[in-house]
1. Using the Cα centre as the reference, give the magnitude of the dipole from point charges on the C-beta atoms of the chain (Lys, Arg: +1; Asp, Glu: -1; all else neutral), rounded to the nearest 20 debye.
2. Rounded to the nearest 0.05, what FRET efficiency is calculated for ALA166 and ASP200 with R0 set to 30 Å and r the Cβ-Cβ distance?
3. Sort 244-257, 216-229, 175-188 for me by packing, meaning the mean count of neighbouring Cβ atoms within 10 Å per residue, highest on top.
4. With every protein chain left in place and a probe of 1.4 Å, what is the accessible surface of VAL109, to the nearest 10 Å²?
5. Considering only protein heavy atoms, what is the solvent-accessible area of ARG48 at a probe of 1.4 Å, reported in Å² to the nearest 10?
6. Given (i) 1.05; (ii) 0.96; (iii) 1.12 as candidate values of Cα Rg over 2.2 N^0.38 Å, which corresponds to the one derived from the coordinates?
7. Just reorder LYS32, LYS71, LYS133 by solvent-accessible area, largest first, 1.4 Å probe, all chains present.
8. Ordering ARG295, ARG88 by accessible area with a probe of 1.4 Å, largest first, what comes out?
Amino acid sequence: MPASPSTARAINDRLALRLLQQEGPLTAGQLKHLTGLSRPTVADLVERLTDAGLIEVVGEAGEQRRGPNAKLYGIVADRAHLAALDVRTEGVSVVVSDLVGAVLAEASVPIGGDTGTGPAVEQAVALVERVVKEAGADRLHTVGIGAPGLIDPASGELRDSSGLPAWHRRLVAALQERLPEARVNVENETNLAALAEQRDGVARDRDTFVLLWLGHGTGAAVVLDGALRRGASGGTGEIGFLPVPGTSGLPSAVDCDGGFHSLAGSAAIVELAGEYGLTVGGDAVHEPVAAGVVRGAVERVASTDSSRTSDTAPPAGSLHDPASASRFLDALADRLAIGVASVVAILDPGCVVLGGEVGQAGGEELAGRVEERIRRMSPLATIVRPSSLGGAAVLRGALLTARDAAQDELFAPPDR
């Protein structure tokens, strides 16, 4: 059955808006070419979208020809403002953008472990309000939040998880109370990182892959056939609880100590580095300690040749000792390969991304060592890639989901 005129108009309008989102400002002629619609149909949709306040003239094409230049149409960026939050155990980062995703203001605040729930929530909410003001936004249309822990698939709410600060769950309710006009959405941080890597990072060419989050804790996000998989209880990817060899015991329902987290969490990585005499260099003060020690080891291994030709040999048992650094990276790759091999055996994703700050710090050096081990451990072909976004992937993913949600609502055809 052919679409009704109103349905056809709605489809055409959404197509034009998506093109303007992806390509940036376009002329009516460019829209005609990209959509395949007739000139009168494009003229009608441009008029409709302009009257609806969704697009506006943002300039001229500047073509060298007789007569006036063609008008460039773009999405009205300040039609809505969005916020994205990356909620970590140790603090919060906030970004405010316009409707097309251009960042207008951003800031972070540390929140110590000894901060009470009420003061912690107030610090986080005050940060959001300050960044909104700095962005020049009157109000927020949509807020996207990335947080560690389980998201209830039925309610979309952050579940109470042991080991996570109580202010995490209170923050969502506080934002909804202080920003009553905003739509507040919360998602697991690792899932958001995977979305960002798929849209803007190293997984752009993959519709099936797993992202292994390596940060303060460990987690995994599973994308199969282009869709993020959450599981029956929202717990897909809770790899920190995976029982693995090499730990002192088994994890429990309320504590992942003894699971993969005990091998690959940040504290475990720093402890492992210490076993090889490695310490964090002074250049790592602006990143997590585990990421700093991994980055330092990678840099030392990469400069092995120049170190060998140096008149002064580096001291053994330090980040300046390439042999110690290489042995540390081998030991870390051994640990990571245990978790990766388990994921590969069950899901056969074909690609695993080492995400988070540690995955980015390890770069191709660490990813290559893990991939080499997986080739020996599994018959399933798997490439291992380092994150290109690192810890910033969570904030980027939260902003992308906020933008998508806002555009889905604002670009929806009016009820007829």
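1. 1040
2. Between ALA166 and ASP200 the formula returns 0.35.
3. Ranked by mean Cβ neighbours within 10 Å, highest first: 216-229, 175-188, 244-257.
4. 30
5. It works out to around 70 Å².
6. So the structure-derived entry is (iii).
7. I get LYS133, LYS71, LYS32, largest accessible area first.
8. Final ranking, largest accessible area leading: ARG295, ARG88.
The values are calculated or read from the model by the stated rules, or taken from the named source; none is laboratory data. Quick caveat: nothing in here was measured; it's all calculated off a predicted structure. Cβ: placed from backbone, ideal geometry, glycine included. Neighbour counts: every protein chain shown. These area figures cover heavy atoms from the full protein model, side chains too; ligands, DNA and RNA do not enter into them. Shrake-Rupley method; radii C 1.70, N 1.55, O 1.52, S 1.80 Å.
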